[in-house]
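The values are calculated or read from the model by the stated rules, or taken from the named source; none is laboratory data. Only a predicted model underlies this, so the values are computations on that prediction, with no experimental measurement involved. Cβ placement follows ideal geometry from the backbone for every residue including glycine, while neighbour counts extend to all protein chains displayed. Surface accessibility is based on the protein's heavy atoms, side chains included, excluding ligands, DNA and RNA. Shrake-Rupley method; radii C 1.70, N 1.55, O 1.52, S 1.80 Å.
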Amino acid sequence: MNLQKLLSLICAAGMTLSMAACTGEKTPAVKTFIPSAENVKPLGRTMLTEDMLWLAFSGSGAEFTFNGTKAEVVIAGDDNAEKPDNADNQARIAIYVNGERVVDDMIDHAEETYTVFESDTPADCEISIIKLSETAMSTCAVKSITVEGGDIKPAEKKEHFIEFVGDSITCGYGVDDENRDNHFSTTTEDVTKTYAYKTAQNLNADHSMVSISGYGIISGYSDGKKKVANQTIPRYYDKLGFSYGSFRGKAPNTAEWDFTGYTPDVIVVNLGTNDNSYTKNIEERTAEYTEAYAEFLKDIRSHNPDAQIICTLGIMGNELYPFVEKAVENYTAETGDTKVTAMPFDVQSPDDGYAADWHPTEATHSKAADKLTAQIKEIMGW
């Protein structure tokens, strides 16, 4: 008696077997993967620690493809995840399947498991996991990926790669809260609605964000009387990130970033909005900003010898933009490096509204992205 006939007799006799067995179908294999570079494409600055992919900066994450019937993603929270009354500082993530956002959630538990795809029939899927909120308040990690029906593999690299270095504007501060009188919350940050992410999408480019709200070149946001010298981006440019919290006892600012496998074609620097709260057009302060900016360009160049660098400013005020131009001019005169240029953003218009704490709305970000996209195309010939 052959196997198929035996199965038919058993099923007809009323014995309990899976439908797959009775029909002769194979049960899809269930496999769990760690989010290593062999299995996923890292987005932005990430680090594999304890077999988990640690996400700090806005826009960091992972992408992978598979063909199957089900996919689950486990996200691990940091020490902020389960703190009471901490909803405004927890990490916000999004998960996309074939370009559609299927998860948008705050990480408020030590672990969260998301079933991101499920179907009766196998399908080709590209899954993207993106940290929407910024590094300072919270981090998280992709712990594991479980699929039914096959293996996973890293998504294809895009044609270009752009790094964005900035502050709250680059983080998407308040973009989901178009009320200028409201204040900071990670629940209303969404990096995918920023000029930076939109520019990368326009140019079919992979992205990396190095941005922290309130930070500058020489000073963080200030009352104008005292410099906030500890809140500056240059001090964290060579780190995985910066956070007031920790993940499994580790702080991202203690993790050195490895630039060797990281080769952006273009680096966009958008810093000065917070410095301006301190410099206030005071000559010695603007001179300090100009000098420090040029020194930061040297640091960026030391890690990225071939990238085109574009220095921008203006969305929330253009008072310091002439000093950005001066910094670029001084840097080029000193080094002979001609692959650094400056470009002013247009100041946000009341017609486009204001997000929380007078930050740009998505409409403003879209206009800025269009201008920056055109500039990059002109310079790079893309």
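If you roll a 1.4 angstrom probe over the protein chains with everything in place, what fraction of the accessible area of the chain belongs to carbon and sulfur, to the nearest %?
48
Grab the DSSP H runs of the chain that are 4 residues or longer, score each as -39,500 (n - 2.57), total them, divide by all residues and round the 222 nm result to the nearest 500 deg cm²/dmol.
Rounded to the nearest 500, the figure is -7000 deg cm²/dmol.
For labels at residue 69 and residue 230 in the simple 7 Å Cα→Cβ model, what's the distance in nm?
Calculated label separation equals 5.5 nm.
Each residue of region 33-45 in order: what ³J(HN,Hα) in whole Hz does its phi give by Karplus 6.51 cos²θ - 1.76 cosθ + 1.60, θ = phi - 60°, with x for Gly and Pro?
10, 7, x, 7, 5, 6, 10, 9, 8, x, 10, x, 7
For a Förster distance of 35 Å, can you work out the FRET efficiency between the beta-carbons of residue 341 and residue 180, rounded to the nearest 0.05?
So the FRET efficiency works out to roughly 0.65.
Would you work out if region 112-217 is rounded, prolate or oblate? Take a ≥ b ≥ c from the square roots of the eigenvalues of the alpha-carbon gyration tensor; rounded if a/c is under 1.5, else prolate when a/b is larger than b/c, oblate otherwise.
Verdict is prolate for region 112-217.
Taking a virtual spin label 7 Å from the Cα of residue 123 along the C-beta vector, which residues in region 135-152 bring their backbone nitrogen under 18 Å of it?
146-152
At 0.36 nm per residue, minus the direct Cα-Cα distance, what do residue 30 and residue 151 gain on full extension? Give it in nm, one decimal, please.
Going from the current span to full extension adds 42.6 nm.
How much of the DSSP bridge set in the chain is antiparallel, in percent, rounded to the nearest 5?
Beta bridges within the chain, antiparallel portion: roughly 70 percent.
For residue 183, what is the net charge nearby, where nearby means another residue's Cβ is under 13 Å from its Cβ and Lys, Arg count +1, Asp, Glu -1?
Local net charge: -4.
When 1/r is averaged over all different Cα pairs and the result inverted, which Kirkwood radius in Å belongs to region 238-280?
Here the Kirkwood hydrodynamic radius works out to 13.2 Å.
Once the Cα atoms of helix 321-335 and of the chain are each reduced to a long axis, what angle between those two axes, in degrees from 0 to 90 to the nearest 10, is obtained?
In the chain, helix 321-335 runs at an angle near 90 degrees to the longest axis.
Taking only protein heavy atoms and a 1.4 Å probe, what accessible area per residue, in Å², does the chain have with all protein chains in place?
43
What shape does the chain have by the C-alpha gyration tensor, where a ≥ b ≥ c are the square roots of the eigenvalues, rounded means a/c under 1.5, and otherwise prolate means a/b greater than b/c and oblate the rest?
Prolate, since a/c reaches 1.5 and a/b exceeds b/c.
Note the angle between two axes, namely the Cα long axis of helix 3-12 and the longest principal axis of the Cα atoms of the chain, as a number of degrees from 0 to 90, rounded to the nearest 10.
80
Once a ≥ b ≥ c are taken as the square roots of the eigenvalues of the Cα gyration tensor of region 230-382, is the result rounded (a/c under 1.5), prolate (a/b larger than b/c) or oblate (a/b not larger than b/c)?
Cα axes put region 230-382 in the rounded bin.
Using the Karplus equation 6.51 cos²θ - 1.76 cosθ + 1.60 (θ = phi - 60°), what ³J(HN,Hα) coupling, rounded to whole Hz, does each residue of region 89-94 give in order, writing x for Gly and Pro?
In residue order, the calculated couplings are 10, 7, 6, 10, 10, 10 Hz.
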